[in-house]
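For reference, the structure discussed in these notes is given below.
The values are calculated or read from the model by the stated rules, or taken from the named source; none is laboratory data. For clarity, every value in this text was computed on a predicted model and none was experimentally measured. Cβ: placed from backbone, ideal geometry, glycine included. Neighbour counts: every protein chain shown.
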Amino acid sequence: MGDAVDNGKCVSPKSPFLSEVRLVLIGGRWAGKSSSANTILRQKKFDFGRIRTHQSKMIEGEVGGRKLAVVDTPGWRSSLCLSDVPQRDQQRFRLNVSKCPPGPNAFLLVIPVDSAFSVEQKITVEEHMKLLGEHAWRFSMVLFTFGDFLGEKTIEEHIESEGLALRWLIEKCGNRYHMFNNKDKDNSSQVSLLLEKIDEMARNNSGRCYEVDQRILKKIRQKQEEVASRAKERRRKAEEKRQRMLKFIQAGDVTPIPKLQIVLLGSRGVGKTCVGNTILGCKEHDGKRTVHSEVRHGSVDQTEVTVVDSPGWWKGFPAEDTPQAVKDEMQRSLFLCPPGPHVFLLVIDADTSFNAKHLDAVTSHVELLGEAVWKHTILVFSRGDWLRTSTIEEYIEGEGLALQSLIEQCENRYHVLNNKNAEEDTQVTELLEKITGTVAANAWQPFIPDQQIFMSLEKKRRSVEEGAILRQKLVQTQRNLLTGMRNKLEEMKIVLLGERSSGKSSTGNIILHKEVFSAGQDEQCHKEVRQVGDRQVTVIDTPGWRRESSCSTEQMDREIVRSLSLSESGVHAVLLVVPLDLKFTETEKVKLEEHVNLFGASIWKHTLVLFTHEDKLPNKSIEEHIEREESLRWLVDKCKNRYHSMNNRKSDLSQVTKLFEKIEEMVATNTGQLFCPNMNDVYQRISEKFCRIQLKNVLKQRLEKEYRRRELELMSNFKTTLLELQEDLNETTSRSDTQGFREYYTLRSYHSVQYCGMLHIK
């Protein structure tokens, strides 16, 4: 995006320091950018603390005889892929560099040391830097904040202990880094040292600064103008529609609804509960996720209001990846406000992007309730405060076709709420006006749910409850038989296996009662030994495999199985970690079985299914969850009904104690024998697996090549046939008798049949 250019105010490479320094601070939210900017300027010019930076701001000052221009920028969400960042934010990020012309001498990439720097965060940083161009790294330096958190530990020790992701970032910045103690703002030496490092970087860049490509800036601003123009037109139409509705209401043609029933829908974390609180005028919110459908009542402008909050799905994941229990709860919400809801409020987060995968996820979940649901649906954008100076229409136009398609599906019904200003009555009043208009358009009739859904839910509920009771009894019988056989283990060795983001690392931390594993930190096995009570416990965390088969590599599989070599005598238990907040599909089952079988068939005698995120289970027993999912039933049966569930948000010692007891029972079943496979055999299986994959790819390429060859051959034959038909046509049309035309049509039909047969063979 930019190039290094000569800057008249920059000193030559031989000069001791820059007389004018232009800095742009970038990084994640709450990283300490604003506080660092104040530290650099030695003045409280930027708001900081719990106040978020909504838009870029430049402040000039003078420090140690130098002129400083410091640009503070809005932070990005940590671990959020660039594809999930709204277009407006991507454009504004690229425009940040234009705040201090001709360009910054340095980008200060702000990283807090009081939290882990994961692989996901590394990807987020890398993707944002790509917006500035590869050349931007030459002008970048890592600025660590909250240095007081390290205590006696040096920043170099912190970098080495954090793992590959942070070391990659430091190396990418040419080993340029600095640390601030933002609480020690009076310490001028930390600013002086930073400026000295920037001087050195400037000398390495031959006294040049980073300058933005003006052509790209022009394109971005042109696109913003086009979006603003379309947004203005959309806003005008929406306002005209609202004014017409107000006239109807004021004229008495539309009477207020005496009792209003609302169902909230949306993905997890979008703010559904906050929207419900805003409507009802409630301020309390415990911060917990909605795991089952809940009903609340209130009164708004003399209208009795019932709000049903439903559990959300993972954003961007279609309904087929959502646990059946969550989908059942969504459908159950329809029957909590009989005879049915007047309106569905589909909540979308205005702070993230909305693309095709999000549209697919929303559509597949909403249509679980019935196709007619769209006539009763209003799109509600939450977190309107994060739009900053933009309008909701600019967000809609900027995001593109996917979001615009969803709005059209809702017949252009949408509203934006600022959850931070919930006490603002006008936003709720306007929403109620739109709800009234929607109900009036549906002839004042609520959405009547299909009773077949209710009957199906009840039938499924009874079947699941019966299956869960039988499984509980079976497990208890097994455990009773092992009670006398179980011996307490003084030493316990555990390996954690599972897909990425399943909760392996946080589970390891709970087992060891210490934060020793970092989620997504790197792609290597990590072993920790710690005394837990009167036991010495060894936990080996492993890299998670990916859901996508195309992402599977031989190197990754070899690293996963290397976990067994970290415990020479073997392990007592292999915990298969499965999250409860995502459906365990047939695809996940195949991937898990494929990886577990690399260790050999005997591993299944030493496996126990460990369910994570128990807090996200919708008020159901773990057995009920198992009975709802066919693939889960297979897995639990394969592990001989050995399973345990944990709440990863609670450091509850009892859940670890119960896990240890189940492991001891499994060890007793195995007569104390540890799992210790022949590693040569294991590596041989991996080699054979990827040989099969390679062979399959070769065969696929050959088949595709042969398919293309035959396709060209058929097309060539067809072209010849067409030429022959053309000749026949010319010959036949020269005849005037009817018989000639009959012959022509007969001939044409014959050749058409022949060609269709060739296509069928192909």
Point to revise | Pick from the stretch 535-560, criterion over 25 Å from residue 168 (Cα atoms) and modelled with pLDDT of 90 or more, ranking: surrounded by the most Cβ atoms within 10 Å (Cβ to Cβ) | key: 539
**Study point:** Hits in the stretch 99-111 (condition: outside any loop (DSSP other than H, G, I, E, B) and either buried (at least 21 other Cβ atoms within 10 Å of the Cβ) or touching a Cys at 6+ places or on another chain (Cβ under 6 Å) (or both))
**Key:** 106, 107, 108, 109, 110, 111
Revision key, fill the gap. Contact list, first residue from the stretch 251-275 and at pLDDT below 75, second anywhere and of a type in the set (Val, Ile, Thr), beta-carbon distance below 7 Å, six or more apart or interchain, is 254/436; 256/303; 256/436; 257/303; 257/436; 257/439
Review point. Pick from 430, 411: which is part of a loop (DSSP other than H, G, I, E, B) and either of a type in the set (S, T, N, Q) or surrounded by fewer than 16 Cβ atoms within 10 Å (Cβ to Cβ) (or both)?
Key: 411
Study note, to complete from the structure: Of the residues in the stretch 620-634 that are in contact with a Phe, Trp or Tyr (Cβ under 7 Å, 6 or more places away or on another chain) and not hydroxyl-bearing (Ser, Thr, Tyr), the one that is surrounded by the most Cβ atoms within 10 Å (Cβ to Cβ) is 632
Check your understanding: Where residues in the stretch 129-147 are touching a Gly at 6+ places or on another chain (Cβ under 9 Å) and part of a helix (DSSP H, G or I), which of them is surrounded by the fewest Cβ atoms within 10 Å (Cβ to Cβ)?
Key -> 135
Exercise for review: May I ask you to say which residue of 640, 583 is assigned to a loop (DSSP other than H, G, I, E, B), surrounded by 20 or more Cβ atoms within 10 Å (Cβ to Cβ) and in the same structural domain as residue 467 (by TED's automatic domain parsing)?
Suggested key: 583
Review point. Looking only at the stretch 610-633, which residues are more than 24 Å from residue 509 (Cβ to Cβ) and of a type in the set (Asp, Glu)?
Key: 623, 624, 627, 629, 630
Point to revise | Of all residues in the stretch 48-94 being within 12 Å of residue 26 (Cα to Cα) and hydrophobic (A, V, I, L, M, F, W, C), the one that is surrounded by the most Cβ atoms within 10 Å (Cβ to Cβ) | key: 70
Review point. When both residues are 6+ apart or on different chains and their Cβ atoms are under 8 Å apart, which pairs have a first residue that lies in the stretch 168-185 and is in contact (Cβ under 8 Å) with a residue 60 or more places away in the chain and farther than 16 Å from residue 197 by Cβ, and a second that is among the charged types (D, E, K, R) and not in a helix (DSSP H, G or I)?
Key: 185/42
Point to revise | Single residue of the stretch 646-692 satisfying the filter (among the hydrophobic types (A, V, I, L, M, F, W, C) and not in a helix (DSSP H, G or I)) that is nearest to residue 482 (Cα to Cα) | key: 674
Practice item. For the stretch 586-613, name all the residues that are out of contact with any Phe, Trp or Tyr (no Cβ under 7 Å at 6 or more places or on another chain), surrounded by 15 or more Cβ atoms within 10 Å (Cβ to Cβ) and not in a helix (DSSP H, G or I). Key: 607, 610, 612, 613
Review point. Of all residues in the stretch 1-47 being closer than 14 Å to residue 101 by Cβ and among the small types (Gly, Ala, Ser), which is modelled with the highest pLDDT?
Key: 2
Exercise for review: Read through the list (1) within 30 Å of residue 384 (Cβ to Cβ); (2) in contact (Cβ under 8 Å) with a residue 40 or more places away in the chain, then give the number of the only condition that residue 135 fails.
Suggested key: (1)
Practice item. Among the residues of the stretch 433-455, write down those that are surrounded by 13 or more Cβ atoms within 10 Å (Cβ to Cβ), out of contact with any His (no Cβ under 6 Å at 6 or more places or on another chain) and part of a helix (DSSP H, G or I). Key: 433, 435, 436, 437, 438, 440, 441, 453, 454
Check your understanding: Are any of the residues in the stretch 344-358 part of a helix (DSSP H, G or I) and within 22 Å of residue 276 (Cβ to Cβ)?
Key -> yes
Exercise for review: Spot the failing condition for residue 496; the list is (1) touching a Ser or Thr at 6+ places or on another chain (Cβ under 8 Å); (2) over 18 Å from residue 655 (Cβ atoms), and only one is missed.
Suggested key: (2)
Practice item. Check whether at least one residue in the stretch 148-157 is in a helix (DSSP H, G or I) and surrounded by 21 or more Cβ atoms within 10 Å (Cβ to Cβ), and report yes or no. Key: no
Check your understanding: Is there a residue being part of a strand (DSSP E or B), surrounded by 16 or more Cβ atoms within 10 Å (Cβ to Cβ) and in contact with a Lys or Arg (Cβ under 9 Å, 6 or more places away or on another chain) anywhere in the stretch 271-281?
Key -> no
Practice item. Pairs only if they're at least six apart or on different chains, beta carbon under 7 angstrom, first in the stretch 222-250 and farther than 23 Å from residue 438 by Cα, second of a type in the set (Gly, Ala, Ser); list them, first residue then second. Key: 227/398
Revision key, fill the gap. Of the candidates 704, 711, 661, 665, the one satisfying the condition of being among the acidic types (Asp, Glu) and surrounded by fewer than 12 Cβ atoms within 10 Å (Cβ to Cβ) is 704
Exercise for review: Give the residues of the stretch 363-391 that are part of a loop (DSSP other than H, G, I, E, B) and over 20 Å from residue 85 (Cα atoms), sorted by residue number.
Suggested key: 370
Review point. Within the bounds of the stretch 477-499, is there any residue that is modelled with pLDDT of 90 or more, surrounded by fewer than 18 Cβ atoms within 10 Å (Cβ to Cβ) and under 23 Å from residue 647 (Cβ atoms)?
Key: yes
